[in-house]
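Heads up, the thing below is written out as structure tokens.
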Amino acid sequence: MSGYFKVLYTTYYKRVYLTCLLILKNHSLAEDAAQEAFIKAYKNIDKLKDPSKFGPWVASIASNCAIDLYKSNKKVINIEDNKTLDFLINQKSDTNDEPYNHIEKSELSRELRLAISKLQPKLKQLVILKYYWDLNNQEIADMLQIPIGTVKSSLHRARRTLSKVLPSINKDYLKLIEGTNNER
């Protein structure tokens, strides 16, 4: 492995692994999917047009690997390790938060994670790329090589499903997310 790719691997492995874990909810399968994604990325690094997009690019590869593993391992019992997922997700949060805000964010994160787990794998993939990796609709379409209309309609369907399974979250918050992301 070249020194440059080793730096990319070290920089992005945790987030790529979390992407797979959010789809598969199984540590072993998530590790397999993440490793497979980095192998594919290494072999195809010359196809990456914009090096600044390596993280989202490898995440889209990883989410596809995770979906493939999900389909081939439907009989595997998923292990939901809330503490591990909370820890990984909250690594992105601001360390200057007051304890109350941290608890509130943690609870919201748990609710969102549980709601996302109810989505179909392809919808999970789009939600993760959109909100976790902060890609716009066009970037998602380009990365997954699907029409932008498919991205928009699938994200709309995912948000509609999430709004049904998240009655405890303020509806204004969901409308804000939907309104903001329609602009992107």
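Per-residue Cβ neighbour counts within 10 Å put Ile45, Ile140 in the sequence Ile45, Ile140, beginning with the fewest.
In this simple spin-label approximation, Val165 and Tyr42 carry label points 7 Å from Cα along the Cα→Cβ vector, and these lie 3.5 nm apart. Between Arg110 and Phe54, the simple label model (points 7 Å from Cα in the Cβ direction) yields a spacing of 3.6 nm. Neighbours of Ile146, meaning other residues whose beta-carbon lies under 11 angstrom from its beta-carbon, give a summed charge of +1 when Lys and Arg score +1 and Asp and Glu score -1. Sorted largest first, the principal axis extents computed over the alpha-carbon atoms of the range 1-79 equal 37, 20, 19 Å. Backbone phi angles across the range 26-43, fed through the Karplus curve with coefficients 6.51, -1.76 and 1.60 (θ = phi - 60°), yield HN-Hα couplings of 8, 4, 4, 5, 5, 4, 4, 5, 5, 4, 4, 4, 5, 5, 4, 4, 4, 5 Hz in residue order; Gly and Pro are listed as x. When the pairs Lys71/Lys130; Lys53/Lys124; Lys25/Lys71; Lys6/Lys122 are compared against a 25 Å limit on Cα-Cα distance, Lys6/Lys122 fall above it.
The gain in end-to-end length when the Ser2 to Arg157 segment is fully stretched comes to 51.7 nm, 0.36 nm per residue minus the alpha carbon separation. Each residue of the range 124-132 was assigned a 3J(HN,Hα) from its phi angle through the Karplus curve 6.51 cos²θ - 1.76 cosθ + 1.60 (θ = phi - 60°); the sequence is 4, 4, 5, 4, 5, 5, 6, 9, 8 Hz, with glycine and proline shown as x.
A Förster radius of 25 Å combined with the Cβ-Cβ distance from Ile146 to Ser72 puts the calculated FRET efficiency at roughly 0.70. Of the residues Cys20, Cys65, the one with the fewest other Cβ atoms within 10 Å heads the list, and the complete ranking is Cys65, Cys20.
We did not get these values from a lab; they are worked out from the coordinates using the rules stated. Note that this is a predicted model, so its numbers are computed, not measured. Reconstructed Cβ throughout: ideal geometry from the backbone, glycine too, with neighbour counts over all protein chains shown.
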